[in-house]
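Visitor: If you scroll down you'll find the structure; I have some questions about it.
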Amino acid sequence: MGQPTPAQKDSDWWRSAVIYQVYVRSFADGDGDGTGDLAGVRGNLPYLAELGVDAMWFTPWYLSPLKDGGYDVADYRTIDPAFGTLAEAEKLIAEARELGIRTIVDIVPNHVSDQHPWFRSALAAGPGSPERELFHFRPGRGPHGDLPPNDWPSQFAGSTEPVWTRLPDGDWYLHLFTPEQPDLNWAHPVVRQEHEDILRFWFERGVAGVRIDSAALLAKDPDLPDLATDPRPHPFVDRDELHDVYRSWRRVADEYDGVFVGEVWLPDAERFARYLRPDELHTAFNFSFLTCPWDAGRLRDSIDTTLAEHAPVGAPATWVLCNHDVTRTVTRYGREDTAFDFATKAFGTPTDLALGTRRARAAALLSLALPGALYLYQGEELGLPEADIPVDRIQDPMYFRSQGADPGRDGCRVPLPWAAGAPYAGFGAREEPWLPQPADWPSYAVDRQKQDPHSMLSLYREAIALRPEFGNGPLTWLPAPDGVLAFARADGALCVVNLAATPAVLPAHSRLLLSSGPLDDAGRLPEDTAAWLRP
Ligand code: GLC
């Protein structure tokens with residue numbers, strides 16, 4: 001038996017929370033204009049409470065021209081009028097808390113919108129001005145300065161577009177993403193001060209945590225050199241000086257008992273874990289699990305590596321199967337290649353949704369049984385597939401910046417179906433929603449799934465309710481045949497997932513708590529099925 005686990009303190013909620021990602025624009029439309037909003041979220045808080053989630057993470061809800069779905073922020077202290085008002089956000093935070101749901105906001109420190117007052121002033125002030133020092137403005141290369149200052153690649157996978165844009169006054173400015181998202185200069189004290197003020201602003205309004213967008217990209221080599229062949233130190237990824245930034249953020253968060261989750265895409269486990277040292281970020285997204293193919297060996301490796309890299313710094317792992325940037329889980333798992341990779345995204349990749357859904361159900365039970373926090377992206381609990389968006393309706397810059405090669409991320413951002421019989425599947429819109437819903441969207445509607453004990457929604461509800469059976473103890477692998485994952489949590493339940501074609505005999509147990517699909521007549525676990533057992 002493992003060590004008895006001490007009861008978790010309330011302030012440690014984030015160590016094992018189920019966190020629901022709300023993409024406001026597509027969650028629910030309260031005012032009927034075709035765009036989701038805070039009123040839509042407030043109206044559906046009981047739904048989230050019944051689902052049993054501990055917290056919500058809101059993708060950016062601030063004033064924004066929406067050139068990158070809100071990750072282009074014009075004012076961090078104002079809610080975009082398309083979504084509501086600051087007063088409404090404050091109400092939402094308080095109402096959710098009453099229902100036991102905490103709120104996490106998304107801070108985008110790497111860049112701002114080109115409509116942000118700082119960037120507008122920098123443009124007006126001209127070359128060499130102090131206003132331009134808040135960003136990365138440089139003269140161009142070549143005799144006429146018409147070549148970009150360096151060779152850095154765009155951070156939108158597949159993008160063939162440069163990361164520099166030239167202004168009529170001759171200066172170039174850096175934007176790792178779109179030209180409407182100029183990068184801030186994190187060596188400037190005003191940039192640092194402003195972000196600490198923004199953190200306080202939201203903590204003062206009762207938010208429990210902050211997700212940090214593109215968290216490993218902020219710091220740049222001041223010389224902005226070309227990409228060297230030697231990858232370390234990289235001129236803009238994972239630079240050492242970033243840790244000092246997060247240490248001072250941590251001091252701010254600690255004043256409010258606030259927590260951080262960083263968006264840290266780094267292949268190097270040791271470098272990744274540095275962000276999770278006790279005086280830095282509390283958690284970071286685990287993208288190794290999200291990108292992992294549906295393969296027992298690979299999943300087990302990903303779980304082991306994740307747990308091993310978190311252990312020395314004492315941080316809990318996070319488990320994510322999808323988010324607003326990647327292909328929906330049921331679609332990905334139904335494909336021949338079940339891994340996620342930005343580089344291989346293409347239009348028209350065939351998928352078997354019945355197979356993908358079976359696997360996604362098993363994956364839900366797998367990820368909810370692991371030690372740490374779980375992130376659930378809106379619509380994942382409904383088993384929504386990736387939608388095909390007609391090209392003339394695509395809004396995502398990833399599509400445009402890849403010259404149409406990458407389908408973009410709109411397919412996972414389609415407005416949610418709430419009621420099968422209502423217009424626009426009950427999203428709330430009186431007019432065409434901002435992204436079109438596929439014809440079969442009503443079949444995934446919440447009201448339908450609530451009636452069906454075998455629906456994805458019913459599975460998620462039951463699983464989240466039963467999750468405490470696993471406790472907070474560590475994981476131990478149990479002997480299992482090839483293709484089967486089986487583990488026990490100390491003083492807690494067992495989880496078995498069969499990814500092999502042969503039905504698996506379940507280990508000894510006193511009770512079957514839940515399974516992602518029926519067992520066979522001999523009580524064995526069929527292929528692509530998971531079960532939770534009480535020992
Ligand atoms: C993050 C966000 C993504 C956005 C990018 C630029 O990766 O998740 O949606 O496009 O940052 O802000």
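Visitor: Once you place label points 7 Å from the Cα toward the Cβ at D352 and S121, how far apart are they in nm?
Guide: 6.0
Visitor: Sticking with this one: Peptides 9-16, 344-351, 49-56, 461-468: what's the order by average Cβ count within 10 Å, highest mean first?
Guide: Averaged packing, sorted descending, gives the order 49-56, 461-468, 9-16, 344-351.
Visitor: Determine the per residue accessible area of the stretch 117-174 with all protein chains present and a 1.4 angstrom probe, expressed in square angstrom.
Guide: In whole numbers, the stretch 117-174 has 50 Å² accessible per residue.
Visitor: Follow-up question, since we're still on this one. Taking only protein heavy atoms and a 1.4 Å probe, what accessible area per residue, in Å², does the stretch 190-346 have with all protein chains in place?
Guide: Ligands and nucleic acids excluded, the figure is 37 Å² per residue.
Visitor: When you count, for each residue, the other Cβ atoms within 10 Å and take the mean per peptide, how do 373-385, 22-34 rank with the highest first?
Guide: 373-385, 22-34
Visitor: Of the accessible area of the chain, with the probe set at 1.4 angstrom, what percent is carbon plus sulfur?
Guide: In the chain, the share of accessible area belonging to carbon and sulfur is 53 percent.
Visitor: Can you give the % of DSSP beta bridges in the chain that are antiparallel, to the nearest 5?
Guide: Within the chain, antiparallel bridges account for around 55 percent of the total.
Visitor: Roughly how many whole Å is it from the C-alpha centroid of the stretch 27-49 to that of the stretch 274-326?
Guide: The stretch 27-49 and the stretch 274-326 have Cα centres spaced 31 Å from each other.
Visitor: If you don't mind, another one. Counting pairs of alpha carbon atoms under 8 Å apart in space and at least six apart in sequence, what relative contact order in percent does the chain give?
Guide: 14
Visitor: Per-residue HN-Hα couplings for the stretch 340-348, Karplus 6.51 cos²θ - 1.76 cosθ + 1.60 at θ = phi - 60°, whole Hz, x for Gly and Pro?
Guide: So the Karplus estimates, Gly and Pro as x, are 9, 8, 4, 5, 9, 5, 8, 5, x Hz.
Visitor: Sticking with this one: Along the charge dipole of the stretch 465-534, which of L525, T502, A465 sits closest to the positive end, that is, farthest toward it, with unit charges on the beta carbon of Lys, Arg, Asp and Glu (+1, +1, -1, -1)?
Guide: With unit charges placed on the Cβ atoms, the residue in question is A465.
Visitor: Dipole size in debye (nearest 20) for the stretch 117-174 around its Cα centre, Lys and Arg Cβ +1, Asp and Glu Cβ -1?
Guide: The calculated dipole for the stretch 117-174 is roughly 40 debye.
Visitor: Whole Å is fine, so just give me how far the alpha carbon centre of the stretch 375-409 lies from that of the stretch 200-255.
Guide: A separation of 28 Å, based on Cα centres.
Visitor: I would also like to ask the following. With Kirkwood's inverse mean 1/r over C-alpha pairs for Rh, give me the Rg to Rh ratio of the chain, two decimals please. Could the numbers behind the result be given before it?
Guide: On the way: Rg = 23.3 Å, Rh = 24.1 Å.
Taking Rg over the Kirkwood Rh, I get 0.96.
Visitor: Compute the distance in nm between two label points, each set 7 Å from the Cα along the Cα-to-Cβ direction, one at D226 and one at V505.
Guide: 6.4
Visitor: Which ³J(HN,Hα) values in Hz, rounded to whole numbers, follow from the phi angles of the stretch 390-398 under the Karplus curve 6.51 cos²θ - 1.76 cosθ + 1.60, where θ = phi - 60° and Gly and Pro get x?
Guide: x, 4, 6, 10, 5, 10, 5, x, 4
The values are calculated or read from the model by the stated rules, or taken from the named source; none is laboratory data. A quick note: this is a predicted structure, and the numbers were derived from the prediction, not measured. Ideal geometry is used to build each Cβ from the backbone, glycine not excepted, and the neighbour counts take in all protein chains shown. All accessible areas refer to the heavy atoms of the entire protein, side chains included, with ligands and DNA or RNA removed. Shrake-Rupley method; radii C 1.70, N 1.55, O 1.52, S 1.80 Å.
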